[in-house]
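Right, one structure below, let's go through it.
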């Protein structure tokens, strides 16, 4: 296997074979993101990718039955031409007889560039899951963080993935709107968008300012105010209260999160809210007003 630059993948894909289909992210303008800043986006040659798959097959020859999951990196492999993705999927399923899960990050712009029919073709060929960085349902916030799409466009991208039969993991960012009235707007409109998209799973991350990003510079200049720990928890609580999808699975165990929570909404909502309320009801006054920078 050959890799170029730093390789990123969702926590859920920790046990997957990673096939680097593109170098970097096709968009790569979001203010909060520190990934792929040291590389220029390009698609790898299909011949190279087939060679990599065959290299992986040889490397795992004694454990070939164990390859059940593959993650297509880098930041936005869905940006590849559909015909190329279909060829990659066919090669993967031919090489690994027990393969049952192939996933990738899906940028909203790249997703919108594909028809629902193309996405359905990809699902039928074995693309089983995509991770869509929704971040917020607020047009104001999406513009502020330079996401490159409106809430309506994000809705179309998400709905098209769901309609194709590909499982959608939607990711949203707690605190990405900053402090003040926009905090409530961000959460309420994000919940509304998630209710409309109806993803398979909702992943939550907490906004932190990573050195080298536009957001980091905005925080340093006083142009953006990060939430304190209790404001983070209030946003998470409000998000849970406004989501109306009983069958939705919530995964708030990302390392950025202050309080890891996880569960099926219809079964675990009250338990997750109780965990949050425990900290909100017993505040450590020394943490109030301090920007969130780690777990309790």
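The values are calculated or read from the model by the stated rules, or taken from the named source; none is laboratory data. Just so we're clear, the structure is a prediction, and the values are computed from it rather than from any experiment. As a convention, Cβ positions derive from the backbone with ideal geometry for all residues, glycine included, and neighbour counts pool all protein chains shown.
Counting only residues that are exposed (fewer than 15 other Cβ atoms within 10 Å of the Cβ), give me the helices (runs of 4 or more DSSP H) lying completely in the stretch 23-123 with at least 3 of them.
Per the criteria, 46-59, 82-95.
Can you name every residue in the stretch 192-210 that is farther than 17 Å from residue 255 by Cα and at pLDDT below 95?
Those that are farther than 17 Å from residue 255 by Cα and at pLDDT below 95: none in the stretch 192-210.
I need a count of the residues in the stretch 86-103 that are closer than 24 Å to residue 36 by Cα and touching a residue at least 60 places away in the same chain (Cβ under 8 Å).
2
Tally the residues that are farther than 21 Å from residue 153 by Cα and touching a strand residue (DSSP E or B) at 6+ places or on another chain (Cβ under 7 Å), restricting the search to the stretch 90-125.
5
I'm checking my understanding of the structure. Among residues of the stretch 140-178 that are assigned to a loop (DSSP other than H, G, I, E, B) and out of contact with any helix residue (DSSP H, G or I) (no Cβ under 7 Å at 6 or more places or on another chain), which one is farthest from residue 101 (Cα to Cα)? Please lay out each step first, then the result.
Applying the first criterion (assigned to a loop (DSSP other than H, G, I, E, B)) to the stretch 140-178 yields 145-150, 165-166, 175-178.
Now restrict to residues that are out of contact with any helix residue (DSSP H, G or I) (no Cβ under 7 Å at 6 or more places or on another chain): 145-147, 178.
Details: 145: 32, 146: 31, 147: 28, 178: 36 Å.
The extreme case among them is 178.
If we scan the stretch 129-138, do we find a residue that is assigned by TED's automatic domain parsing to the domain that holds residue 232, touching a strand residue (DSSP E or B) at 6+ places or on another chain (Cβ under 7 Å), in a helix (DSSP H, G or I) and at pLDDT 95 or above?
no
For (1) in contact with a strand residue (DSSP E or B) (Cβ under 6 Å, 6 or more places away or on another chain); (2) in the same structural domain as residue 180 (by TED's automatic domain parsing); (3) within 14 Å of residue 173 (Cβ to Cβ); (4) surrounded by 17 or more Cβ atoms within 10 Å (Cβ to Cβ), each residue gets a yes or a no:
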site	(1), (2), (3), (4)
200	yes, yes, no, no
232	yes, yes, yes, yes
247	no, yes, no, no
254	yes, yes, yes, no
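I'm told residue 129 meets every condition in (1) touching a residue at least 60 places away in the same chain (Cβ under 8 Å); (2) more than 27 Å from residue 247 (Cβ to Cβ) except one. Can you identify the failing condition by its number?
Failing condition for residue 129: (2).
Here are some conditions: (1) outside any loop (DSSP other than H, G, I, E, B); (2) over 15 Å from the mean Cα position of the chain (by Cα). Residue 12 meets all but one. Which one does it not meet?
Every listed condition holds for residue 12 apart from (2).
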